[in-house]
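Remarks on the structure that follows.
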Amino acid sequence: MYADTETIRKILTQSGDTWAVVGLSNNRSRAAYGVAAVLQRFGKRVVPVHPKAEPVHGEQGYASLADIPFPVDVVDVFVNSDLAGGVADEAKAIGAKAVWFQLGVIDEQAYGRTRAAGLDMVMDRCPAIEIPQLG
């Protein structure tokens, strides 16, 4: 319901290649670390967003979306569902074109607000699973 094939394809192929990954750190055991690596293999620039602001996968990290000094196309969200709506609102504020809530990240009100604001959005899906299926 929150991840139609057309929107998934549009975000992965047309929305742009700069992806801010909120919750990405150097913790290799976290899903964000592996997903970011897959996105890079498929040509995406991955920008880590985490309070530590540490470099990950060769890219400088930032403490918040607002700290990123260049345009971001897609915001990929790996935070708990209760924090995800605020991240979606920040994505809109920085001019992102799309928001992607990872598997298990669900906030129906944030989904509605984000779509109403004109951004594409996918919820409760993983781009690392979807992108190889594009062919």
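Between the range 55-95 and the range 106-135, the alpha-carbon centres lie 14 Å apart. Probing with 1.4 Å while keeping every protein chain in the model, the per residue accessible area of the chain equals 49 Å². Around Ala63, under 15 Å between beta carbons, what's the net of Lys plus Arg minus Asp minus Glu among the other residues? Combined, the nearby Lys, Arg, Asp and Glu give -3. Under the shape rule built on the C-alpha gyration tensor, where the axes satisfy a ≥ b ≥ c, the range 57-98 is oblate, since a/c reaches at least 1.5 while a/b does not exceed b/c. Over all pairs of different C-alpha atoms in the range 8-93, the reciprocal of the mean inverse distance, the Kirkwood hydrodynamic radius, equals 12.8 Å.
Note on the chain: with neighbouring protein chains present and a 1.4 Å probe, carbon and sulfur make up 49 percent of its accessible heavy-atom surface.
The values are calculated or read from the model by the stated rules, or taken from the named source; none is laboratory data. On a predicted model such as this, the values are computed, not experimentally measured, just so you know. With ideal geometry, Cβ positions are generated from the backbone for all residues, glycine too; neighbour counts draw on all protein chains shown. All accessible areas refer to the heavy atoms of the entire protein, side chains included, with ligands and DNA or RNA removed. Shrake-Rupley method; radii C 1.70, N 1.55, O 1.52, S 1.80 Å.
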